[in-house]
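Notes to accompany the following structure.
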């Protein structure tokens, strides 16, 4: 598991067909905090559409493994066994945009 990887989230599937959430999460925990025995990690969800106007959403680019937006304003502690994959890794440009969005969200 590495920062910037996209994993499928098996715990909280969308309950409605028109639900904008997708079953994907991006790992945002620092790599040094991701040893194999780690049971909890910080993730942010990927949504297919934005339901609110947020300045900290990051649009996924053509080189990223899935489509949609990363919601940097919804950092969540996630239980590792609920994640399957990984699906892929976001691009360096997307990871840099996500880092900037997280700094903005947390006022760092």
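The values are calculated or read from the model by the stated rules, or taken from the named source; none is laboratory data. Keep in mind the model is a prediction, meaning the values are calculated, not measured. Cβ coordinates were reconstructed from backbone atoms using ideal geometry, including for glycine residues, and neighbour counts include every protein chain displayed.
Could you check residue 66 against (1) touching a helix residue (DSSP H, G or I) at 6+ places or on another chain (Cβ under 6 Å); (2) modelled with pLDDT of 95 or more; (3) farther than 14 Å from residue 101 by Cβ and say which number it fails?
Here residue 66 meets the rest and fails (1).
Six or more apart or on different chains, Cβ atoms under 8 Å: show the pairs whose first residue is in segment 1-30 and exposed (fewer than 13 other Cβ atoms within 10 Å of the Cβ) and whose second is at pLDDT 70 or above and assigned to a loop (DSSP other than H, G, I, E, B).
2/34; 30/3
For segment 69-101, how many residues are on the phi > 0 side of the Ramachandran plot and either surrounded by fewer than 15 Cβ atoms within 10 Å (Cβ to Cβ) or touching a helix residue (DSSP H, G or I) at 6+ places or on another chain (Cβ under 7 Å) (or both)?
0
Does residue 47 count as within 19 Å of residue 11 (Cα to Cα), in contact with a helix residue (DSSP H, G or I) (Cβ under 8 Å, 6 or more places away or on another chain), surrounded by 17 or more Cβ atoms within 10 Å (Cβ to Cβ) and touching a residue at least 12 places away in the same chain (Cβ under 8 Å)?
Values: within 19 Å of residue 11 (Cα to Cα): yes; in contact with a helix residue (DSSP H, G or I) (Cβ under 8 Å, 6 or more places away or on another chain): no; surrounded by 17 or more Cβ atoms within 10 Å (Cβ to Cβ): yes; touching a residue at least 12 places away in the same chain (Cβ under 8 Å): yes.
No, not satisfied.
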